[in-house]
Amino acid sequence: MKANSFGKLNPAQEKALKSGLLGERNFIVCAPTASGKTVMAEIAMLDMLRKGRKVVYIVPLKALGSEKHREFTKKYAPMGIRVALSIGDLDSTDGWLANYDVVVATSEKLDSLIRHGAEWVSSVGLVIADEIHLLDDAERGPTIEILLTRLRTEANPRILGLSATISNYKELAEWLGADSMESDYRPVKLMTGVCYGKRLVFEEEEMELKSDTLLPELVSETVSRGKQALIFINTRRSAESTAEKLGKLLSNYPSPITRTLMCGKFKVRETNPQMEKLGKIANEVLEALEHPTQQCKHLSECILNGFAFHHSGLAAKQRELVEDAFRDGLIKAICATPTLAAGINMPAWRVIVRDLKRFYSYKGMDYLSTLEINQMCGRAGRPQYDTEGQAVLMAKSEAEAKHAWERYVKGKPEDIRSKLGAEPILKMHALSLIAGSVTRSRRELADFFSKTFYAWHYRDAERLAAKLDGVVSQLKSYGFVAAGGEPIEDNPFRTAIAIRDEKDTKLEATKIGKRVSELYINPDTAYSLIKKIEHASVSAFGDLDLLFMIADTLEMRPYPGIRKNDVKRINDFLAGESETLLFKPPPEWDALYDDYIRTLKTALVLGEWISEAGEDAILEGFNMPPGELRARLDIADWLLYSASELALLCGQSKFITPLKKLGIRIEYGIREELLPFVKLKGVGRVRAREIYAAGMKSIGELRKVPLESLERVVGAKTARSIREQLGEKSTEQEWKF
């Protein structure tokens, strides 16, 4: 409690202690946002550390991991508790983590560490699964589910699951063999209401609004109270335009006339301290990218008005600046896409959910789940500032208002359901289990999956075993798994599962199958890469062909949307270049044509990047904002690395150098001639191009240039650093690929 600066536990925390928080059994906490679940986790964490055992804190998002790492380090480093963050490289054991007491990691990273045989995992005494209700998430859920099942099977640590309010938390607890606790305690009272027409109706009161423009009035009323608002909007573009409109209408800061854009920066002629701080933040937003995009400029203008937008299309630095300014009270309202609701801690007095529907690729426009709405509404109310918070659901019709009231205000959140049943997901995790010798036969594989939430919930072992049979057969056809040898002896303690084989033969991962598992790519992706590499010569692959090869993967999905401008651009490209492409387009009437076009668009975006186009040009030309671009570049970099590793194992070593070169070009966004220069510390794409443009076409020529001449090109400090790196002991070979 000393580390958390409060005198006593709140009712939810006291209930957790009485219900078994520090017991021997696993434990599930089901409580609203802001009820103090993190402190419960910290109490259990300190108790386990006192017993001399390591703790792992699993988070669903990297941003949340970074936040928890900062928070725990600040609190507990003075006590001598060592806290580590592991959210990066998926092809390492990170042996250094053995020296830390608490490891904060994403579920994917921890899964990868286990696949690589990280020995320190066996010393873990407590695993804290934050946001465990995300088992229901199609993207993250299966990894969390398999990870918890595998930890229970191999290391058997105590599991503490932290969850928002869900209906079937007792089922989750029963699956994990856990005690559980539910609480509706919230330190800040949450009022949830529905707004339609000019009425804002809560359960206990009703408000009449004055204006027909409801959203501006709600935000204005919030700001007039000296409070802040979070506004959830279903698309990035709409979030941006709404933030701009609100900023122009409602800014409490000095008139825009007092601000001018000079030399790409905002110069604030104002003595108002808040305005000066906002001006500094606005300039940092502009400087976050090499070349500011229109999106950067729009965000900067919004910030000067005390408003902002927030979505995955922003660069990470820009998101961080917006979040910090909101926490500091400088930004009065943020228009965000729903992804912010599942992210880091950013409470506001009023949460406004403007859009109750979202577009889903498999079913079109549909209402958000109650669980998602609850996550958004849960951001309302700041314990350190407010005694209550408001969540307002905006309806677009009388029917929608009735639906919102019955489903979201009065209704219960949906049960969470396992998303493990999809074949590509089963394939990836089945290979991991076989490669790690966790399951050595079909029967053992079926036994393992019988312990998952999927099997527990659906109670259909025979159907699951049949699915697994198909998965194993596919992995065998890929050459990733071999079956044979003597049958595995019967184990009297094994769960009885129906399987199709008359003999339960051994299953082993081949050398390449084991490597595929370690690389953390889907087996379908690995097989596709191998086949394409094996059936083409190096000379046949141009840069765009290699980029198309990695774009045509499950990891790159969902693909970016296609606009009318994209269709024209791609058709023009195909008209002139289709004959040079290794992977030809199918006929336009073919069902696969749409996927081909989306794949090609992704490849063309990556091609623009390695041709040294800036984020601004890519946003303008392909409608791909910097945040999304960076995410796809990270995936592309990993797939190129994986492809080079697979090429080595397949005896196609001639592909390794082209793939590695392309990987470096993706990392830096450069043409091939700049490759030697970016190996120099302190030299990125801009300085490398400046060096090349100044006539230094090779490392040898760069070494001969007088220091004074080099200083004029890249500056004194960088020039001296380059000269030191190119000392007499270094050879030209060091700078070649």
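If each residue's Cβ is checked for other Cβ atoms within 10 Å, how do Y559, Y169 rank with the fewest at the top?
Going from sparsest to densest Cβ surroundings: Y559, Y169.
Considering only M549, A12, P523, whose Cα is most displaced toward the positive end of the charge dipole of the chain, charges sitting on Cβ of Lys, Arg (+1) and Asp, Glu (-1)?
Comparing the listed Cα positions along the dipole, A12 ranks first.
What percentages make up the Cα-Cα pair-distance distribution of the stretch 356-431 when the bins are 10 Å wide from 0?
Once binned at 10 Å, the Cα pair distances of the stretch 356-431 give 15, 34, 27, 16, 7, 0.
Name the aspartates and glutamates eligible as straight-distance cross-link partners of K170: C-alpha to C-alpha under 14 Å, and not fewer than 8 places from it in the same chain.
Partners found: D179, E182, E414, D415.
What are the residues whose amide H is under 5 Å from the amide H of L85, where those residues sit 5 or more places off or on another chain and H is modelled from the backbone?
Residues meeting the amide H criterion: V104.
Could you work out how far the C-alpha centroid of the stretch 443-465 sits from that of the stretch 366-399, in angstrom?
37
Before rounding to the nearest 500, sum -39500 (n - 2.57) across all DSSP H runs of length at least 4 in the chain and divide by the residue total; then give [θ] at 222 nm in deg cm²/dmol.
Taking each H run of at least 4 residues, the total per residue is -14000 deg cm²/dmol.
Give, rounded to the nearest 20 debye, the magnitude of the charge dipole that the stretch 523-669 has about its Cα centre when Lys and Arg contribute +1 at Cβ and Asp and Glu contribute -1 at Cβ.
The calculated dipole for the stretch 523-669 is roughly 180 debye.
Using the beta-carbon distance between D89 and R50 and R0 = 35 Å, what value does 1/(1 + (r/R0)^6) give for FRET efficiency, to the nearest 0.05?
Here the calculated transfer efficiency is 0.65.
Among the listed pairs K245/K277; K280/K697; K227/K396; K227/K297; K75/K317; K363/K396, which are separated by more than 31 Å between their Cα atoms?
Distance filter (> 31 Å) returns K280/K697.
For K317 and T213, compute 0.36 nm times the residue count separating them, minus their Cα-Cα distance, and round to one decimal in nm.
Between K317 and T213, full extension yields an extra 34.1 nm.
Given N residues in the stretch 11-182, what is its alpha carbon radius of gyration divided by 2.2 N^0.38 Å?
0.95
Out of L64, I28, H116, whose Cα points farthest toward the positive end of the dipole of the stretch 1-141 (charges: +1 Lys, Arg; -1 Asp, Glu; placed on Cβ)?
I28
Send over the semi-axes of the stretch 120-190's equivalent ellipsoid, whole angstrom and largest first, taken as the square roots of 5 times the C-alpha gyration tensor eigenvalues.
24, 14, 12
Take the alpha carbon atoms of the stretch 183-212, find their center, do the same for the stretch 681-717, and report the distance between the two centers in whole angstrom.
Here the answer is 62 Å between Cα centres.
Just going by the charge dipole of the chain, with Lys and Arg at +1 and Asp and Glu at -1 on Cβ, which of Q725, L431, L176 is farthest out on the positive end?
Projecting each Cα onto the dipole axis, the largest value belongs to Q725.
Rounded to a whole number of µm²/s, how large is the Stokes-Einstein D of the stretch 621-737 at 4 °C and 1.567 mPa s, given Rh as the Kirkwood radius over C-alpha pairs?
Here the translational diffusion coefficient equals 82 µm²/s.
Assigning unit charges at the beta carbon (Lys, Arg +1; Asp, Glu -1) and nothing else, what dipole magnitude in debye, to the nearest 20, does the stretch 11-182 show about its Cα centre?
Using only the charged Cβ atoms, the result is roughly 640 debye.
Does the stretch 520-617 classify as rounded, prolate or oblate by the C-alpha gyration tensor (a ≥ b ≥ c root eigenvalues; a/c under 1.5 gives rounded; else a/b over b/c gives prolate, otherwise oblate)?
Since a/c stays below 1.5, the shape of the stretch 520-617 is classed as rounded.
Please report, in debye to the nearest 20, how large the charge dipole of the chain is about its Cα centre when each Lys and Arg carries +1 at its beta carbon and each Asp and Glu carries -1 there.
1500
Under 27 Å Cα to Cα from K584, which lysines show up? Leave out anything in the same chain fewer than 8 places away.
Answer for K584, where 27 Å is the Cα cut-off: K531, K532, K564, K568, K601, K654, K660, K661, listed by chain and number.
Taking each pair of different alpha-carbon atoms in the stretch 311-450 once, compute 1/r for the pair, average those values, and report the inverse of that mean as the Kirkwood hydrodynamic radius in Å to one decimal.
Computed over the stretch 311-450, the radius equals 18.5 Å.
Under a cut-off of 18 Å between alpha-carbon atoms, report the lysines in cross-link reach of K109, not counting same-chain residues fewer than 8 places apart.
Straight-distance partners of K109: K54, K62, K68, K514.
For V102, V39, V516, what ranking results if the residue with the fewest other Cβ atoms within 10 Å of its Cβ goes first?
Fewest-to-most Cβ neighbours within 10 Å comes out as V39, V102, V516.
Treat each spin label as a single point 7 Å out from the Cα along the C-beta direction, and report the K717 to D460 distance in nm.
6.3
Would you list V322, V104 from fewest to most Cβ contacts within 10 Å?
Exposure proxy ranking, most exposed first: V322, V104.
Past the 26 angstrom mark, what percentage of all C-alpha to C-alpha distances in the stretch 189-409 do you count?
That fraction is 35 percent.
What number, in percent, do you get for the relative contact order of the stretch 182-228 if the mean sequence gap of Cα pairs under 8 Å and at least 6 apart is divided by its residue count?
Contact order relative to length: 19 percent.
If you split all Cα-Cα distances of the chain into 10 Å bins from zero, what percentages do you get per bin, shortest first?
Going out from 0 Å in 10 Å bins, the chain shows 2, 12, 20, 24, 22, 13, 5, 1, 0 percent.
What per residue convex hull volume, in Å³, do the alpha-carbon atoms of the stretch 406-464 yield?
About 105 Å³ per residue, rounded to a whole number.
May I have the extent of the alpha carbons of the stretch 571-664 along their three principal axes, as whole Å values ordered from largest to smallest?
Taking max minus min along each principal axis of the Cα atoms, the stretch 571-664 gives 37, 33, 22 Å.
For the stretch 674-735, what does the alpha-carbon gyration tensor say about shape, rounded, prolate or oblate, given a ≥ b ≥ c as the root eigenvalues, a/c under 1.5 as rounded, and a/b over b/c as prolate?
Note, shape of the stretch 674-735 comes out rounded.
Where a number appears in this text, it was derived from the coordinates with a stated rule and is not lab data. All values reported here derive from a predicted model rather than from experimental measurement. As a convention, Cβ positions derive from the backbone with ideal geometry for all residues, glycine included, and neighbour counts pool all protein chains shown.
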